[in-house]
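All remarks here apply to the structure that follows.
The values are calculated or read from the model by the stated rules, or taken from the named source; none is laboratory data. Note that the structure is predicted; figures quoted are calculated from it, not measured. Cβ placement follows ideal geometry from the backbone for every residue including glycine, while neighbour counts extend to all protein chains displayed. Keep in mind that these areas ignore ligands, DNA and RNA; they rest on the heavy atoms of the full protein, side chains included. Shrake-Rupley method; radii C 1.70, N 1.55, O 1.52, S 1.80 Å.
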Amino acid sequence: MDLENFRWTREPQEYKMEGDRIEVVTKPGTDLWQRTYYHFRNDNAPVFQMETEEKYFSFWVKTDFHESHHRFDQCGIVLYLDSENWLKGSIEYENEEFQHLGSVVTNHGYSDWATTEIDASVKSMWYRLSRREDDYCIECSEDGIRFRQMRVCHLLEGAGKIRFGIYACSPEESSFKAVFTGMKLTECMWKAHDGQQPD
């Protein structure tokens, strides 16, 4: 992928790009979340994205987060339209025993959070974001070959021109280096549904 097509939304204070490798050093107190459950709002995480009107595609990226060490340290895939409409998939550090592999979808200013616990020894993960018009699928893989579904979702404002890419943040008093490699754009790997037909 040509990184010249990408733009920062909130450029990080410290980052480096070499070839297809992007390193981002997170700043304490950065996050993406809106309202739900505890009414907390934070919208200051660095986001690096490209823009498209293509209705069917898959975006791949490998994340490396060996330095994550504090609760909620995270990096992953993102589709950020504005502060109240976006989605993300990542692993959030919790403690020395486990982390949360999960995704957040925010529609019209309200975030949800779907997670599963994974071992704290996992320090890299592939993500694949696929689009079929205004519906989206987030998948993950530990080897970049065998992907498993994390979420299928709908973005209420996700039908037209969108922006998608990567993000990294540290919501609490922490900082770590997130590394992104292997970014590519392909035909949509999320195939049309072949089961029950729509009404």
Can you work out the accessible area per residue across the stretch 1-100, with the rest of the protein chains kept in place, probe 1.4 Å, in square angstrom?
50
Can you check what the net charge comes to around Phe48, using other residues whose Cβ is under 9 Å from the Cβ of Phe48 (Lys, Arg +1; Asp, Glu -1)?
0
Protein accessible area in the chain, 1.4 Å probe - carbon and sulfur %
45
Okay, which of the stretch 159-187 sit inside 18 Å, backbone N to the point 7 Å along the Cα-Cβ direction of Glu18?
177-183
Once the Cα gyration tensor of the stretch 121-168 is found, what semi-axes does its equivalent ellipsoid get, as square roots of 5 times the eigenvalues, in whole Å, sorted largest first?
23, 12, 8
Among residues other than Gly160 whose Cβ falls under 15 Å from its Cβ, what is the net charge (Lys/Arg +1, Asp/Glu -1)?
-3
Hey, for a label at Glu51 modelled as a point 7 Å past Cα toward Cβ, could you say which residues of the stretch 144-159 have their backbone N under 17 Å away?
158-159
For the stretch 133-147, in residue order, the Karplus 3J(HN,Hα) values (coefficients 6.51, -1.76, 1.60; θ = phi - 60°; whole Hz; Gly and Pro = x) are 6, 9, 10, 9, 10, 10, 10, 9, 7, 8, 10, x, 10, 9, 9
Give, as a single signed number, the net charge of other residues whose beta carbon lies under 11 Å from the beta carbon of Val25, with Lys and Arg counted +1 and Asp and Glu -1.
0
Sequence-distant residues sharing a close amide H with Phe6 (under 5 Å, placed H)
none
Set of aspartates and glutamates near Lys191 by C-alpha distance (under 16 Å), chain-local residues within fewer than 8 positions excluded
Glu54, Glu133, Asp134, Asp135, Glu139
Kirkwood-based Rg over Rh for the chain (C-alpha set), two decimals?
0.94
24 Å Cα-Cα reach of Lys16 towards lysines, excluding residues that sit fewer than 8 places from it in its own chain
Lys27, Lys62, Lys88, Lys123, Lys177, Lys184
Taking alpha-carbon centroids only, the stretch 173-191 lies from the stretch 87-149 a number of Å equal to 11
